[in-house]
2 protein chains.
Amino acid sequence: MLFSKAFILGIGLIGSSLARNLKEKQLVKTLVVYDKNKENLEKAKSLNLADVYTTSIEEGAKDADLIILATPVCSFGELAKEIAKYIKKGAIVSDVGSVKQYSLQEIEKYLNKATGTIVVGGHPVAGTEKSGPENGFTSLFKGRWCILTPDENSTPEAIEKLTKMWESCDMKVDTMAPAHHDKVMAAVSHLPQLIAYSIVGTVADLEGYEHKEIIKYSAGGFRDFTRIAGSDPTMWRDIFLTNKQTVLELIQRFIEDLVALERNIRWDEGDKMFELFKRTQKIRKDVIEAKQDQPEHEKRILEELRRKQA
Amino acid sequence: MLFSKAFILGIGLIGSSLARNLKEKQLVKTLVVYDKNKENLEKAKSLNLADVYTTSIEEGAKDADLIILATPVCSFGELAKEIAKYIKKGAIVSDVGSVKQYSLQEIEKYLNKATGTIVVGGHPVAGTEKSGPENGFTSLFKGRWCILTPDENSTPEAIEKLTKMWESCDMKVDTMAPAHHDKVMAAVSHLPQLIAYSIVGTVADLEGYEHKEIIKYSAGGFRDFTRIAGSDPTMWRDIFLTNKQTVLELIQRFIEDLVALERNIRWDEGDKMFELFKRTQKIRKDVIEAKQDQPEHEKRILEELRRKQA
């Protein structure tokens, strides 16, 4: 057993998938899960994801030696403040937030070495466009990277324990400074997601088009963007607002490049376009070679979930 | 048999998938395929996709009662000019081009009612990010829409025959004016594809980022865009250049909306963002309900192709 009592706050896609791993792989003796949404908590219970289901921070935080925040990042400060009232000395606090500087700043206002807590930021880079406990699954993390972002409130022992935990979830673990994490994720995750939301909005709002027609012919390419833009609205709103400066910078870079492409089209610069499209094709090959494409087992599970929920 | 001698020019993803259907479903007596790329023609031969493989327009066009252009749209004019030398009176000419006004304009310079040919524009809205005859498959068209865009050079009989042909490929067939087709496709296909190319270029070129790191963490969302941006560069260059005005207009609309979103982030307007993200989630549901999401059989086939080619 890695931990005696673990407490997961937020039983959504990531929280519930982690819970499944902790239980199935017997990494904790007692697992307590919290969600302020009672419906989610009921679903988690019917799926038998934990030992205790609660809407009380006190019940979960007391005597826990591991606390994981898996709620939208804007709630971290408030939750940490409450946790601080009940947490035992020496407990490890970590999270799964997609933005690390903001998350750690909020958590460490109330929980840090000075108050007797060990904090190690974490971000399992995994997920689907689905949310909620019913959409989590054990192999969600398989083959993906988990980024730990230790700082002055971390200890080598805590980093080691969390590394073991995520490795037991079949993840590869990497360590990074929080600021660097936020920069990399803005590029590979936050900007692409924002663009997907934006284009689905644009296409859906075009005047002079029938909504039915747009949906009917969405196999032309639009459907792929709707899949991405089907992701959890609260989670993403929080990410954009809390990694603001980097995201804003990248939007500007993106518009700059898009305008250049627009100009290529206007002035019939086919060669320049062709050159870009050849380069992006090569990048696709790099992704496949790095085995970071969506794996077959994940596609199968998503299809099954869809069938069950239809 | 629907046709006695059919001639397909261009044996890429769409051309080869159509060839597979024509042969397997015995819709034609003799199938001749042309490609100027000898390597593609050899591949088609080894896959046994047709009866005759040729680099001669004369050999294919002579006595054909159906000719289908399945090459990049910028080649249509040149090919039509050559076909006109050998085509028999009353033959039907169609195509699979993604841009219909330009395609028909080029084809009908040389082939039209006045010269004794029946022309019916066509666009099977199907495809994957793969290209080449080895990546085509029979069920590519299954459940998808084929748009026919008849004009003054079409006849009801020809429209009916082509409808039967595409329905035999398991497609649903719709009819539309060429201009309306180009407007709808700019929204559901051309703009999304351009955005995918653009963002993959932006992220890959960011200074101060390591290429390896971008690829390593691409599961954060970037990988989905690389998949789309892995599509055939020649085909897409031609589409953007030949549907220029509508694409340029939509790029401006997109930038307008993206800048509004940028402003939401800068001024902490979380509610406005949340509202948009909720709407896009609803649009995703519409796509799934209209059964226009990527079907399971297609995912399975793509995975098999990838394994074979690895």
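Read-outs throughout are calculated quantities, based only on the coordinates presented, and are distinct from any laboratory measurement. All of these numbers come straight from a predicted model, not from anything done at the bench. Here the Cβ positions follow ideal geometry from the backbone for every residue, glycine too, while neighbour counts run over all protein chains shown.
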For region A:1-96, what does the alpha-carbon gyration tensor say about shape, rounded, prolate or oblate, given a ≥ b ≥ c as the root eigenvalues, a/c under 1.5 as rounded, and a/b over b/c as prolate? oblate
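From the helices alone, meaning DSSP H stretches of at least four residues, give me the mean residue ellipticity at 222 nm for chain A, per-run term -39500 (n - 2.57), in deg cm²/dmol to the nearest 500.
Numbers: 14 runs with 158 residues, N = 310.
Result for chain A: -15500 deg cm²/dmol, rounded to the nearest 500.
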Packing-based ranking, highest mean first, of A:124-130, A:204-210, A:50-56 given that Cβ atoms within 10 Å are counted: A:124-130, A:50-56, A:204-210
Sorted peptide list for B:139-145, A:264-270, B:67-73, criterion being average Cβ within 10 angstrom, highest first: B:67-73, B:139-145, A:264-270
Counting Lys and Arg as +1 and Asp and Glu as -1, each charge on the Cβ, what is the dipole of the protein assembly as shown about the Cα centre in debye, to the nearest 20? 1320
Taking each label point as 7 Å beyond Cα in the direction of the beta carbon, state the distances from B:Glu289 to the same residue in the other copies, shortest first, in nm. 4.5
Which pairs in the list B:Lys142/B:Lys172; A:Lys100/A:Lys164; A:Lys272/B:Lys216; B:Lys85/B:Lys109; B:Lys85/B:Lys113 are over 18 Å apart, alpha-carbon to alpha-carbon? A:Lys100/A:Lys164; A:Lys272/B:Lys216
List the distances, in nm and shortest first, from the label point of A:Lys109 to the matching label points in every other copy, placing each point 7 Å from Cα along the Cα-to-Cβ direction. 6.7
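Using the reciprocal of the averaged 1/r over all distinct C-alpha pairs, how large is the Kirkwood radius of chain B in Å?
21.0
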Find how much the distance from A:Lys212 to A:Gln105 grows on full extension, using 0.36 nm per residue of separation minus their present alpha carbon separation; answer in nm with one decimal. 33.9 nm
Given a Förster distance of 60 Å, report the FRET efficiency between B:Leu248 and A:Val52 from their Cβ-Cβ distance, rounded to the nearest 0.05. 0.55
How well do other chains shield peptide A:181-190, expressed as the mean number of their Cβ atoms within 10 Å of each residue Cβ? 6
How long are the semi-axes of the ellipsoid equivalent to region B:181-309, from square roots of 5 times the Cα gyration tensor eigenvalues, in whole Å, largest first? 25, 21, 20
How many angstrom separate the Cα center of region B:84-131 from the Cα center of region A:1-20? 59
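Across the residues of B:236-242, average count of Cβ atoms on other protein chains within 10 Å?
Mean shielding by partner chains, rounded to a whole number: 5.
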Distances in nm, one decimal, shortest first, from A:Glu157 to the same residue in every other copy, taking the label point 7 angstrom along Cα→Cβ. 9.0
Counting only residues 5 or more apart in sequence or on a different chain, those whose built amide H sits under 5 Å from that of A:Leu66 are A:Lys5, A:Phe7, A:Ile92
With Rg from the Cα atoms and Rh as the Kirkwood inverse mean 1/r over Cα pairs, region B:236-310 has an Rg/Rh of 1.14
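With a ≥ b ≥ c the root eigenvalues of the C-alpha gyration tensor of region A:3-176, is it rounded (a/c under 1.5), prolate (a/b larger than b/c) or oblate?
Rounded, because the longest to shortest axis ratio a/c is under 1.5.
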Hits in region A:56-100: amide N under 18 Å from the 7 Å Cα→Cβ extension of A:Leu305, namely A:70-72, A:96-98
Tensor-based shape of region B:45-115 (alpha-carbon gyration tensor, a/c under 1.5 rounded, otherwise prolate or oblate): oblate
What average number of partner chain Cβ atoms lie no more than 10 Å from the Cβ of the residues making up A:247-257? 5
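Only bridges with both residues in chain B count here: give the DSSP antiparallel percent, nearest 5.
That works out to approximately 20 percent antiparallel.
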